[in-house]
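Visitor: To start, I am sharing the structure in question, which I have written as structure tokens.
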Number of protein chains: 2
Amino acid sequence: MAPRKKRTNDPEGMRRRVLDVAEGAFQARGYHASSLGDLMAAAGVTGGALHHHFPTKKALALAVIEERVAAAVQKTWIDPMLAASSAREGVRAVFEAVAAELERQGYVRGCPLNNLAHELSLADDEFRLALAKIFAGWRRAIADKIRADQQDGGEGGTDPDRFAALAVAAYSGAMSMAKTSQDAGVLRECLRGLESVHPSSGGLAMRRRRRVLLR
Amino acid sequence: MAPRKKRTNDPEGMRRRVLDVAEGAFQARGYHASSLGDLMAAAGVTGGALHHHFPTKKALALAVIEERVAAAVQKTWIDPMLAASSAREGVRAVFEAVAAELERQGYVRGCPLNNLAHELSLADDEFRLALAKIFAGWRRAIADKIRADQQDGGEGGTDPDRFAALAVAAYSGAMSMAKTSQDAGVLRECLRGLESVHPSSGGLAMRRRRRVLLR
DNA sequence: TTATAAACAGACCGGTTGTCCTGTTTTGTC
DNA sequence: GACAAAACAGGACAACCGGTCTGTTTATAA
């Protein structure tokens with residue numbers, strides 16, 4: 001009786017559990033509002049174990065950013081973009097999918113990347129750089145897709161980097177508003193607006209087209 | 001000699017000084033990262049005085065949101081929009097002005113509204129509502145300007161609410177990226193993208209135009 | 001087995017945080 | 001001038017935070 005407690009070392013599992021809890025807490029409450037005590041309790045982890053895997057709170061946040069936030073962007077945006085038949089179709093699909101998912105769960109927690117970016121970018125350069133890297137990869141994926149479309153004969157005069165920047169900005173801003181109003185509708189509104197983006201006048205697109213025509 | 005210290009009650013001035021400091025600190029470091037001790041020291045205010053004007057930290061933040069953040073949006077966006085010759089020109093002017101200002105000061109602190117919205121929207125419903133109200137007024141100002149343009153014969157098939165949502169989202173998201181990369185250039189990229197928004201196909205615009213043509 | 005390091009437990013500590021409370025001074029009113 | 005209320009000063013405090021420290025248990029390799 002009184003079965004002796006048996007401990008089983010599972011470093012990877014413990015690390016994963018901590019990251020799971022931290023990812024959720026940072027997303028829902030933010031970095032500063034999440035205490036290590038809360039995380040320890042939620043993950044069922046002692047202080048010694050937590051400190052063993054993540055010496056400081058900053059190290060934990062950095063791991064969340066580099067492993068979890070980056071992965072979330074990859075899964076939500078980059079993978080669907082690679083799989084899409086075109087850049088525009090990919091953007092549309094992601095907006096729709098996210099809006100539908102938010103409406104299904106009836107609650108908007110916001111974009112993980114943007115949430116942390118706002119709170120941590122000015123606090124620490126290491127945070128800022130890690131976050132900026134994810135933004136850059138996100139934009140690059142969209143721009144590359146536009147370029148691929150153009151090699152296939154589509155997307156005539158659209159400037160890839162410009163469209164990518166606008167798509168990411170529109171999504172980020174729309175999520176910000178959706179979070180504040182707790183209503184995913186604005187995502188769809190912004191998508192409709194995005195779909196009206198065409199290189200019809202001015203800018204680099206015009207210049208490019210002209211050059212081609214003069215040849 | 002030893003001139004007796006004379007105190008002069010100046011409730012409004014003291015309140016203003018506290019709000020000034022709090023506005024700056026919340027913007028630069030965020031709500032949770034700004035302690036009342038820091039604010040008191042920076043404003044040269046004692047605990048008693050602070051507590052007299054703002055019973056809790058939350059009350060202070062609410063005042064910052066309702067008085068300062070709302071005023072900032074009014075000054076930066078709504079007033080220029082009202083003064084502009086058209087909605088598109090107004091949006092362009094604001095983007096350019098903000099980008100130029102950021103480049104002048106060589107530092108991007110981000111959008112006050114978005115900064116606080118991300119940190120506080122999920123923390124407290126009172127915060128969230130106050131912030132949502134400012135977002136709504138911002139979008140309404142732009143949409144109203146589009147409607148005014150349409151009454152003057154311009155902006156044919158542009159959907160006012162849709163364009164307004166996209167403009168606000170693009171600005172918010174662009175500022176988010178600018179803050180993270182500490183580079184205002186993305187603001188200009190997004191502006192160029194926004195300028196390519198025309199009601200040329202799909203959506204309500206298409207339906208409207210078709211209806212006109214069929215008459 | 002034995003040595004060796006990694007993995008984990010849990011108490012501990014100095015510093016900070018937001019708030020409250022008791023006084024004192026100033027201001028307005030009769 | 002008397003008096004009440006507002007404005008302000010400043011200390012006290014309990015809760016909490018992040019980090020450190022020491023000690024124990026588990027896994028690994030010789």
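Each value in this text was obtained by applying a stated rule to the coordinates, not by laboratory testing. For clarity, every value in this text was computed on a predicted model and none was experimentally measured. Cβ sites come from the backbone with ideal geometry, for glycine too, and all protein chains shown count toward neighbours.
Visitor: Can you pull the Kirkwood radius for chain B, inverse mean 1/r over Cα pairs, to one decimal in Å? Spell out each step's value before the answer.
Guide: Details: mean 1/r = 0.0513 Å⁻¹.
One decimal place: 19.5 Å for the Kirkwood radius.
Visitor: Here's something else I'd like to know. How high is the relative contact order of chain A? Use alpha-carbon pairs under 8 Å, at least six apart in sequence, and give a whole percent. Working shown, then result.
Guide: Working: 175 pairs, mean separation 42.2, N = 215.
Relative contact order comes out at 20 percent.
Visitor: Something else: Which distances, in nm and shortest first, link the residue B:72 label point to the same label point in every other copy, taking 7 Å along Cα→Cβ?
Guide: Here residue B:72 shows inter-copy label distances of 2.4 nm.
Visitor: Send over the per residue convex hull volume for the stretch A:9-55, Cα only, as a whole number of Å³. Present the calculation step by step, with values, prior to reporting the outcome.
Guide: Working: hull volume 2.9 nm³, N = 47.
Residue-normalised Cα hull volume stands at 62 Å³.
Visitor: What ³J(HN,Hα) values, in whole Hz, does the Karplus curve 6.51 cos²θ - 1.76 cosθ + 1.60 give for the stretch B:116-131 when θ = phi - 60°, with x put for Gly and Pro?
Guide: With coefficients 6.51, -1.76 and 1.60, one gets 6, 4, 5, 7, 10, 4, 8, 6, 7, 5, 5, 4, 4, 5, 4, 6 Hz.
Visitor: Which order results if B:161, B:10, A:159 are arranged by neighbouring Cβ count within 10 Å, fewest first? Spell out each step's value before the answer.
Guide: Values: B:161 18, B:10 10, A:159 21.
Least to most surrounded, the residues fall as B:10, B:161, A:159.
Visitor: Oh, and also: Cα centroids of the stretch A:151-186 and the stretch A:81-106: how far apart, whole angstrom?
Guide: For the stretch A:151-186 versus the stretch A:81-106, the Cα centre distance is 11 Å.
Visitor: Counting Lys and Arg as +1 and Asp and Glu as -1, what is the net charge of the other residues whose Cβ lies under 12 Å from the Cβ of residue B:119? Intermediate results must be reported in sequence, preceding the final value.
Guide: Details: positive: A:29, A:179, B:29, B:128; negative: A:119, B:124.
Its environment carries a net charge of +2.
Visitor: Also, I was wondering about something else. Given the options B:128, B:104, B:192, state which has the largest fluctuation in a GNM of chain B using a 10 Å cut-off (strictly under) for Cα springs.
Guide: B:104
Visitor: Another one. Taking amide hydrogens as modeled 1.01 Å from N in the peptide plane, which residues meet the under 5 Å criterion relative to residue B:154, leaving out close sequence neighbours?
Guide: Sorted by chain and number, the residues that satisfy this come to none at all.
Visitor: Of the listed pairs A:133/B:145; A:133/B:133; A:57/B:179; A:57/A:179; A:75/B:133; A:57/B:58, which have alpha-carbon separations greater than 29 Å here? Write down the numbers at each step before the final one.
Guide: On the way: A:133/B:145 37 Å; A:133/B:133 33 Å; A:57/B:179 23 Å; A:57/A:179 26 Å; A:75/B:133 33 Å; A:57/B:58 25 Å.
Violating the 29 Å limit, Cα to Cα: A:133/B:145; A:133/B:133; A:75/B:133.
Visitor: What is the sum of charges, Lys and Arg at +1 and Asp and Glu at -1, for the other residues whose Cβ falls under 10 Å from the Cβ of residue A:191? All intermediate terms of the calculation are to be shown ahead of the outcome.
Guide: Numbers: positive: A:92, A:188, A:192, B:162; negative: A:96, A:189, A:195.
Overall, the nearby charge balance is +1.
Visitor: Right, something else. Rank A:164, A:25, A:49 by mean-square fluctuation in a GNM of chain A with C-alpha springs under 10 angstrom and give only the top-ranked residue.
Guide: The residue with the greatest mean-square fluctuation here is A:49.
Visitor: Taking residue B:148 in one copy and the same position in all the others, each labelled 7 Å out along Cα→Cβ, what are the pairwise distances from the first, in nm, shortest first?
Guide: Values, ascending and in nm: 4.5.
Visitor: Counting only helical runs of four or more DSSP H residues, what would the 222 nm mean residue ellipticity of chain A come to if each run contributes -39,500 (n - 2.57) and the total is spread over all its residues?
Guide: On the way: 12 runs with 149 residues, N = 215.
After summing the helix terms and dividing by the residues of chain A, the value is -21500 deg cm²/dmol.
Visitor: What list of ³J(HN,Hα) values in whole Hz, one per residue of the stretch B:43-52 in order, does the Karplus curve 6.51 cos²θ - 1.76 cosθ + 1.60 (θ = phi - 60°) give from phi, with Gly and Pro shown as x?
Guide: Computed from phi, the couplings for the stretch B:43-52 are 8, x, 10, 8, x, x, 5, 4, 5, 5 Hz.
Visitor: On to the next question. If we hang a label 7 Å off Cα along the beta carbon direction at residue A:183, how far is it from the matching labels on the other copies, in nm, shortest first?
Guide: Residue A:183 label point versus its equivalents elsewhere: 3.7 nm.
Visitor: Quick one: in the protein assembly as shown, what % of C-alpha pairs are over 39 Å apart?
Guide: Tail of P(r) above 39 Å: 26 percent of Cα pairs.
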